[in-house]
Amino acid sequence: MAGRLLKVSSVATAVFASSGFYLYSKNLDLNDHSIIRFGRAAVTTAVISYDYLTALRDVQYGTEDYWVVKSKLHLRSAERLRDLCCANRGTFIKVGQHLGALDYLLPEEYTSTLKVLHSKAPQSSMEEIRLVIQEDLGKELGELFIQFEEKPQGAASLAQVHRAVLQDGRTVAVKVQHPKVQQQSSKDIIVMEFLVQVVHWLFPDFAFMWLVEEAKKNMPLELDFLNEGRNAEKLADMLKHFDFLKIPKIHWELSTKRILTMDFAEGGQVNDREYMRKHSINVNEISQNLGKMYSEMIFVHGFVHCDPHPGNVLVRKGPESNKTEIVLLDHGLYQVLKQDFRLNYCKLWQSLIRGDMKGIERYSRRLSAGDLYPLFACVLTGRSWKSVNDGISQSPVTQSEDVEIRTNAALYLPQISDLLNRVPRQMLLLLKTNDLLRGIETILQTRASSSSFINLSRCCTRAIARHQRGKTTSRRRRLQISLSERWALCQIGLYEFMLWLRTSALARWVSHLIGCLPCPN
């Protein structure tokens with residue numbers, strides 16, 4: 001303990017001494033933004049580290065007092081981390097939002113505290129917005145739009161969105177990047193990398209370099225709004241067979257790396273049950289269609305929208321068709337899955353649905369989980385090991401199981417950290433996506449529905465059959481594969497029909513009728 005405390009004090013002294021020397025040697029103003037941001041991050045890291053080193057030293061491990069004190073410690077640390085993200089903004093908020101989405105990977109005190117960062121994003125002034133538009137598009141606001149609402153429709157960690165009207169009368173949404181984010185992001189990531197290394201030095205069991213590596217790789221892509229526009233058009237074409245999915249059209253003539261102009265989309269957030277009740281939107285239909293979309297993205301195409309938090313998923317009644325629609329926004333963060341990874345992931349999910357323990361172990365190991373494959377299965381599904389053994393499609397989710405999963409997330413944090421450093425980098429954003437989708441299902445109260453497993457099974461079957469057809473030149477073999485695929489899809493369809501029949505009004509009527517028949521003597 002004394003050695004660790006000495007490490008903390010040594011790091012803190014070195015940080016402040018080097019910062020002071022840097023300021024003196026460069027003759028910089030104390031309000032220099034990068035230095036202030038680094039100082040805040042260093043102080044917060046030192047305070048949190050010191051708290052973890054000292055708070056539990058006088059409490060006996062495993063006692064009721066120990067867990068109470070540890071929960072309070074997690075909460076204090078999460079609040080300090082949240083305050084740091086709010087103060088430093090930009091990349092810090094983005095990483096904090098990522099952590100807040102990992103419901104089944106981190107202690108509940110962290111995820112519940114960091115979730116508020118989705119509504120705590122910074123807001124740029126109208127003067128800053130005007131300047132970005134003038135610099136990038138070369139014209140004043142009045143020359144481009146006949147109306148531009150000063151109050152943003154929403155503000156996120158990297159940008160904010162304004163409603164505007166084009167010269168021809170069409171209503172659009174204009175996404176404008178916060179002016180300082182570009183220059184700050186690379187410096188912020190260097191700071192995070194340094195501080196995470198320091199924390200790993202103090203606490204060898206906790207290795208979160210995967211988080212910094214993901215931020216380093218993804219941040220440049222998210223800051224390029226032209227890349228976001230291309231992603232949106234690619235997904236719209238890929239999933240054009242889904243009539244319920246709407247992706248706003250991009251206006252390329254009014255888009256740059258820092259500005260993205262698209263059709264304006266009305267709708268309520270996917271977690272707004274009151275909006276859905278008011279507009280007669282069926283929550284089960286929404287949940288089922290979300291499952292269809294994401295199963296198709298992940299298993300069939302390997303091109304995955306990785307930020308389905310409620311602010312990016314709108315629901316509405318179609319203005320013309322009056323049918324329920326899902327509007328998918330914010331296409332900056334996508335994961336392109338490698339073929340071998342995608343096929344092993346397909347086969348792992350098929351094994352999880354069936355409760356095939358040999359398959360779960362085999363394909364988990366192929367995805368680099370090693371001996372931690374039981375933990376990997378639980379993290380991936382958000383289910384207990386007992387439910388995984390039974391087959392996750394066979395046992396409905398219960399509240400007690402959710403509590404058990406959250407408790408285990410705190411108990412097995414070092415092992416989870418080890419697991420996340422083992423698995424392919426592609427898996428990290430998929431885990432975040434899974435957790436965000438599970439969160440939506442929990443709010444809509446549709447997690448117990450088996451429809452998501454049915455859609456997932458269909459997509460896995462199609463993906464594996466497509467791969468097998470692509471590997472053979474034999475017409476006979478291709479025919480065999482196609483027939484086998486159709487038979488498997490028919491079995492899934494029959495199972496779905498039986499489930500519907502079991503819960504339909506007809507089944508209830510027949511059951512009631514049988515109950516009313518007189519018993520034979």
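Charges at C-beta only: +1 for Lys and Arg, -1 for Asp and Glu. How large is the resulting dipole of the range 121-264 about its Cα centre, in Debye rounded to 20? Numbers along the way, then the final one.
Numbers: 17 positive and 22 negative charges, 31 e Å.
The calculation lands at about 140 debye.
Counting only complete DSSP H runs, which helices of the chain cover 15 Å or more along their long axis at the Cα atoms and score a mean Kyte-Doolittle of 0.0 or above?
Numbers: long enough: 2-26 (36 Å, 0.66); 33-54 (32 Å, 0.52); 64-88 (36 Å, -0.54); 126-137 (16 Å, 0.06); 181-202 (31 Å, 0.53); 209-222 (19 Å, -0.49); 225-238 (20 Å, -0.74); 283-295 (18 Å, -0.52); 339-354 (23 Å, -0.54); 399-411 (18 Å, -0.57); 425-444 (30 Å, 0.44); 451-471 (31 Å, -0.54); 475-503 (42 Å, -0.21); 505-516 (16 Å, 1.05).
The qualifying helices are 2-26, 33-54, 126-137, 181-202, 425-444, 505-516.
Under 20 Å between C-alpha atoms is the cut-off here; go through the range 260-380 and count lysine pairs that meet it, provided they're at least eight residues apart or on different chains.
Values: LYS278/LYS317; LYS278/LYS323; LYS292/LYS317; LYS292/LYS323; LYS292/LYS347; LYS338/LYS347; LYS347/LYS358.
Lysine pairs meeting both conditions in the range 260-380 amount to 7.
Per residue, how many Å² of accessible area does the range 339-500 show with a 1.4 Å probe? Write out the running numbers ahead of the final one.
Details: 7880 Å² over 162 residues.
Here the per-residue accessible area is 49 Å².
Please give the FRET efficiency for SER474 paired with LYS338, using the beta carbon to beta carbon distance and R0 = 22 Å, rounded to the nearest 0.05.
On the way: r = 26 Å, r/R0 = 1.18.
Given R0 = 22 Å and the Cβ-Cβ separation, E is 0.25.
Which of GLY169, PHE453, GLN183 sits closest to the plus end of the dipole of the chain, meaning its Cα is farthest towards the positive end, when Lys and Arg get +1 and Asp and Glu get -1 on the C-beta?
Result: PHE453, furthest along the dipole toward the positive end.
Test of understanding: what is the full-extension gain from LYS257 to GLU135, defined as 0.36 nm times their sequence separation minus their Cα-Cα distance? Provide the component values of the computation, followed by the final result.
Details: separation 122, 0.36 × 122 = 43.92 nm, distance 1.15 nm.
Contour length minus Cα-Cα distance gives 42.8 nm.
Given a 1.4 Å probe and every protein chain left where it sits, what share in percent of the accessible area of the chain is carbon and sulfur? Don't skip to the answer; put the middle values down first.
Details: 14040 of 25980 Å².
The value for the chain is 54 percent carbon and sulfur by accessible area.
Starting from the Cα of VAL68, step 7 Å along the direction of its Cβ; do the same at ARG466; then give the gap between the two resulting points in nm.
Result for the modelled spin labels: 5.6 nm.
Please get the size of the charge dipole for the chain, origin at its Cα centre, with Cβ charges of +1 on Lys and Arg and -1 on Asp and Glu, quoted in debye to the nearest 20.
Values: 67 positive and 55 negative charges, 394 e Å.
The dipole of the chain has a size of about 1900 debye.
Please sort by residue number the GluC sites (Glu not before Pro) in the range 313-374 whose DSSP state is loop and whose Cβ has at most 11 other Cβ atoms within 10 Å. Before the final figure, lay out the partial values.
Details: sites: GLU320, GLU325, GLU361; in loops: GLU320.
Qualifying residues, ordered by number: GLU320.
State in Å² the accessible area per residue of the range 31-120; use a 1.4 Å probe, count heavy atoms of protein chains only, and round to the nearest integer.
Using a 1.4 Å probe on heavy atoms only, each residue of the range 31-120 averages 45 Å².
Which is the longest part of the chain that has none of the trypsin sites (Lys or Arg not before Pro) sitting in a DSSP loop with at most 12 other Cβ atoms within 10 Å? Walk me through the numbers before you get to the answer.
Numbers: sites that count: ARG57, LYS139, ARG170, LYS240, LYS323, LYS338.
The longest such stretch corresponds to 339-521.
Which of the peptides 106-112, 49-55 is most tightly packed, and how do the rest follow, going by the mean number of other Cβ atoms within 10 Å of each residue? Don't jump to the answer; show the numbers that get you there.
Values: 106-112: 20.6, 49-55: 17.0.
For the peptides 106-112, 49-55, the packing ranking is 106-112, 49-55.
Place +1 on the Cβ of every Lys and Arg and -1 on the Cβ of every Asp and Glu in the chain, take the dipole about the Cα centre, and give the residue among PRO107, GLY355, GLN468 whose Cα lies farthest towards its positive end.
GLN468
Among the listed pairs LYS94/LYS216; LYS234/LYS257; LYS115/LYS175; LYS257/LYS432, which have their C-alpha atoms separated by more than 20 angstrom in this model?
Details: LYS94/LYS216 12 Å; LYS234/LYS257 18 Å; LYS115/LYS175 22 Å; LYS257/LYS432 26 Å.
In this structure, LYS115/LYS175; LYS257/LYS432 lie more than 20 Å apart at Cα.
Per the helix-only calculation at 222 nm, which mean residue ellipticity applies to the chain, given -39500 (n - 2.57) for every DSSP H run of n ≥ 4 and division by its residues, nearest 500 deg cm²/dmol?
Working: 22 runs with 320 residues, N = 521.
When only DSSP H runs of four or more count, the value is -20000 deg cm²/dmol.
Run the simple label-point estimate for ILE190 and GLN394 please: 7 Å along Cα→C-beta, distance reported in nm.
5.6
Say each of VAL403 and GLU213 gets a label point 7 Å from the Cα, pointing the same way as Cα to Cβ; how far apart are those two points in nm?
3.7
Per residue, how much accessible surface does the range 161-266 expose to a 1.4 Å probe? Answer in Å², no decimals. Before the final figure, lay out each step's value.
Details: 4810 Å² over 106 residues.
Accessible area per residue: 45 Å².
Fully extended, how many nm does the chain gain between GLN147 and ILE36 (0.36 nm per residue separation, minus their Cα-Cα distance)?
36.2 nm
Could you give the length gained on full extension between VAL165 and ASP243, defined as 0.36 nm per residue of separation minus the Cα-Cα distance, in nm? Before the final figure, lay out each step's value.
Working: separation 78, 0.36 × 78 = 28.08 nm, distance 2.67 nm.
Roughly 25.4 nm would be gained on extension.
The values are calculated or read from the model by the stated rules, or taken from the named source; none is laboratory data. Quick caveat: nothing in here was measured; it's all calculated off a predicted structure. Neighbour counts run over all protein chains shown; Cβ positions are idealised from the backbone, glycine included. Surface accessibility is based on the protein's heavy atoms, side chains included, excluding ligands, DNA and RNA. Shrake-Rupley method; radii C 1.70, N 1.55, O 1.52, S 1.80 Å.
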